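The values are calculated or read from the model by the stated rules, or taken from the named source; none is laboratory data. None of these values were measured; they are calculated from a predicted model. Ideal geometry is used to build each Cβ from the backbone, glycine not excepted, and the neighbour counts take in all protein chains shown. Areas reflect the complete protein model, heavy atoms only, side chains present, ligands, DNA and RNA absent. Shrake-Rupley method; radii C 1.70, N 1.55, O 1.52, S 1.80 Å.
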Amino acid sequence: MGNSTGKIIIISAPSGTGKSTIIKRLMEVSELNLRFSVSATNRPPRKGEIDGVNYYFLSTEEFENKIQNNGFIEYEEVYTGRYYGTLKSEVEKTLNEGHNLILDIDVKGGINVKKLYPEAAAIFILPPSIEVLRQRLIGRGTDDMETIEQRVAKAEYELSFASKYDYSVVNEDLDKAVNETETIIRNFLKR
Ligand code: 5GP
């Protein structure tokens, strides 16, 4: 087991679906041997975020240099002017070390990685409904109504890609969603 290469698990979900919480809980399950793929981004760090842990925070120029030098397996402009990319170095290092790599990336990025690594597991986390998603974003209290409506509209668009993923999990109840995702990953890793 120890010296085989790791496997890739892609997780995508619209904003407000609880994806980060689910991933955090999965990372705590040590038998799954998961390592988080730390992406690069040119967006500024949020409060509490650490460079090299949550993201590699780069200037736009540094990000562009990495594109030129072929440093990414994929990158996307997820929000206007905000770039996010999966680093080749992260993917290769983690897989060679025999760990399984979990990618928290947007829908387009997820589909691109699935094309590059068809053997990867692509999991889509869905909100119970668009209305529940809207209420959760309101409840989070971090965005104004205009931003919330933009995120809801983006979510509706993203949901149309769910069928391109190998698995989907509805996050109605957090514990159930975590268990369901864990079962999917366990079965995938056994193959
Ligand atoms: P946030 O700014 O909230 O951390 O992330 C915004 C979005 O960017 C999330 O949907 C997240 O999954 C996505 N994202 C993070 N890293 C990457 C990446 O390396 N590639 C792509 N395509 N999307 C990413």
Checklist outcome for this item: Output for Cβ contacts, cut-off 6 Å, separation at least six or different chains, first residue at negative phi and of a type in the set (S, T, N, Q) in segment 49-72, second modelled with pLDDT of 95 or more and open to solvent by 90 Å² or more (accessible area, probe 1.4 Å), reads none
Checklist entry - Within segment 150-191, can you find the residues that are open to solvent by less than 70 Å² (accessible area, probe 1.4 Å), free of Cβ contacts under 8 Å to residues at least 60 places away in the same chain and either among the small types (G, A, S) or touching a His at 6+ places or on another chain (Cβ under 6 Å) (or both)? => result A153, A162, S168
Checklist entry - Can you tell me how many residues in segment 29-45 are within 11 Å of the ligand (Cβ to nearest atom), part of a loop (DSSP other than H, G, I, E, B) and open to solvent by 30 Å² or more (accessible area, probe 1.4 Å)? => result 2
Next on the checklist: When the residues of segment 46-93 are narrowed to those that are within 13 Å of the ligand (Cβ to nearest atom), of a type in the set (G, A, S) and not in a helix (DSSP H, G or I), which ends up farthest from L34 (Cα to Cα)?
Outcome noted: G81
Checklist entry - Any chance segment 78-93 includes a residue that's in contact (Cβ under 8 Å) with a residue 60 or more places away in the chain and in contact with a strand residue (DSSP E or B) (Cβ under 7 Å, 6 or more places away or on another chain)? => result yes
Checklist outcome for this item: All conditions in (1) surrounded by fewer than 16 Cβ atoms within 10 Å (Cβ to Cβ); (2) touching a Phe, Trp or Tyr at 6+ places or on another chain (Cβ under 9 Å); (3) at pLDDT below 95 are true of V132 except (2)
